[in-house]
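> Starting off with a structure, shown below.
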Amino acid sequence: MLLTEIALINQRTGAQIATAVERANTRATRRRGLLGRDHLDPACAMMIEPCGAVHTAFMRFAIDVVFLDREGYAVKIVRDLVPWRIAAAPRGRVVVEMAAGSLANVDLSVGDRLFLSPATHSAPEADQAARRRAVATATSS
C-alpha cells in the first residue's frame, strides 16, 4: 500500500521543507490552528490561508513561521516564535507553521518560492509484503 501525503517543496533548491502538510483554509480550522496540541512533528507543517498574522497565545510550544505571498514566495521567516508572541507580514497571504527548529537545517530564504506536491512513501507493511512475495517467488523457482 502506498501512502500519499502532500509535501511542501522549495522551488529553488528542490528540497522538501515538510513531508506532511495540514491545510487550514476554513474559518474553523484557521481559528483552531495548532491550539490544543502538545507538539508538532518536525517533518509536518500547518498551512493557514488566507492569513497574514499569527499569534502563539495559549500555545504549548514554539514554532517556526514562514509567510508567503499570493504566488507562494516567502516574504518573511520567523524562527523560534515562543508562546505568547505575535508575528505578521503585511504582504503575507499564507502562513506555514512548523515545529521550532524545523527550519534550522533547511536552505530557505526570503524570496524562495514554495509549492505543494504529492509525496509518496511506501508503508512498512507494503515493504514487508513485497519482500515476502520476492522470497516466495525465488524459492518456488
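> List every residue whose amide H lies under 5 Å from the amide H of residue 15, counting only residues 5 or more places away in sequence or on a different chain, with H placed 1.01 Å from N in the peptide plane.
Here 10 satisfy the definition.
> For residue 91, what is the net charge nearby, where nearby means another residue's Cβ is under 9 Å from its Cβ and Lys, Arg count +1, Asp, Glu -1?
Details: positive: 70, 76, 93; negative: 69.
The answer is +2.
> Residue 107 label point, 7 Å along Cα→Cβ, cut-off 19 Å on backbone N: hits in segment 1-41?
8-19
> Right, another one. Based on the Cβ-Cβ distance of residue 12 and residue 35, what FRET efficiency does E = 1/(1 + (r/R0)^6) give at R0 = 25 Å, to the nearest 0.05?
Values: r = 32 Å, r/R0 = 1.29.
Between residue 12 and residue 35 the formula returns 0.20.
No lab work stands behind these numbers, since they all come straight from the coordinates. If you're wondering where the values come from, they're calculated on a predicted model, not measured in any experiment. Note: ideal-geometry Cβ built from the backbone for every residue, glycine included; neighbour counts use all protein chains shown.
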